[in-house]
């Protein structure tokens, strides 16, 4: 995986950055912003682009990469800004720093800034670029909430703490996590996460799921609404007695509240863009449901499923013209077609088209119904 330029941050993010990541940073100190951008851009100096939305006379940069200023001596033009962000040389694995998003808010307003982000972020993601969107602390909750619906990650750095507002496709433990953040020798350093972040995320999630207010949660826990508010933002914790009282009132376990007793939901799997040959495991764990693989078949080529499977199989063709060899039959599927196989397994897939084919192969396993110890097939359910 691509690195952020900070070994401790990479480890904390479970391996580093992902191709296509759009990461929004809300950072309260300019020196912290500079260290984040410099470390990030140093990792790919030949494929880096640094764009600043502030006027060139009002900012300073230490990233080591030439900075392109969007302003041309007057108000920032949205079309000009979009052309600079989506320049032709911004391609797969290009590292892109987009600095002073708060200046866009000051110039355009919150809604226009969010609209600009919604237009550019998905296209950067589709190109496979890795973008840091940098903003100061005054960007405002309306902008943060708006971009968080589109961004892969939203991180906030305030008063020496890094808080995760969103971490799409990352481990469950990162959702809402809080950790110490500092700069050492010009490199960002994060420490082990704080349990307070998990508690805050769990309280917010529980309130959303049950449509409760902070005052109602406080009533269940026997504390003040201010205590719940501070716990949700990670500024303080709650005693074990308070957590037990709250969980008993809500009929949940403490592990459910802290997110340690539940599987991620939704569970996101992305294709690894670093290689397109062979099957790509999206959901290979049978304990998480049907095993799902992405298969890319070159023109005129053939590919076999990743393993022999007994049971129901699904073949979903996204693009291409694909012959499915079942031994005694060979149906041909076009893009948008699907095939369900229950007896003879899929032997191989042949691409009959002049362009690559994209196919999803899904193995559906049979498991005994809960509490049923019989081999009666009618008592089994599909997982």
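The values are calculated or read from the model by the stated rules, or taken from the named source; none is laboratory data. Just so you know, these numbers come straight off a predicted model, no measurement behind them. All Cβ positions, even for glycine, are placed from backbone atoms using ideal geometry, and neighbour counts span all protein chains on display.
General observations
- Count of region 325-341 residues which are part of a loop (DSSP other than H, G, I, E, B) and at pLDDT 90 or above: 6
- Residues that are surrounded by fewer than 16 Cβ atoms within 10 Å (Cβ to Cβ) and in a loop (DSSP other than H, G, I, E, B), drawn from region 234-245: 235, 236, 239
- In region 233-251, the residues that are at pLDDT 85 or above and in contact with a helix residue (DSSP H, G or I) (Cβ under 8 Å, 6 or more places away or on another chain): 238, 242, 243, 244, 245, 246, 247, 249, 250
- Residues being touching a helix residue (DSSP H, G or I) at 6+ places or on another chain (Cβ under 7 Å) and without any contact (Cβ under 8 Å) to a residue 40 or more places away in the chain - total across region 133-148: 4
- Residue check, residue 68 in contact with a helix residue (DSSP H, G or I) (Cβ under 9 Å, 6 or more places away or on another chain) and at pLDDT 90 or above: no
- Matching residues, region 149-160, being part of a strand (DSSP E or B), buried (at least 18 other Cβ atoms within 10 Å of the Cβ) and out of contact with any helix residue (DSSP H, G or I) (no Cβ under 7 Å at 6 or more places or on another chain): 153, 155, 156
- Given (1) under 23 Å from residue 29 (Cα atoms); (2) in contact with a helix residue (DSSP H, G or I) (Cβ under 9 Å, 6 or more places away or on another chain), number of the condition residue 109 does not satisfy: (2)
- Residues within region 126-143 that are crowded, with 19+ Cβ neighbours inside 10 Å and within 25 Å of residue 42 (Cα to Cα), tallied: 7
- Residue, nearest to the chain's Cα centre (by Cα), within region 324-334, restricted to residues that are exposed (fewer than 15 other Cβ atoms within 10 Å of the Cβ) and on the phi < 0 side of the Ramachandran plot: 334
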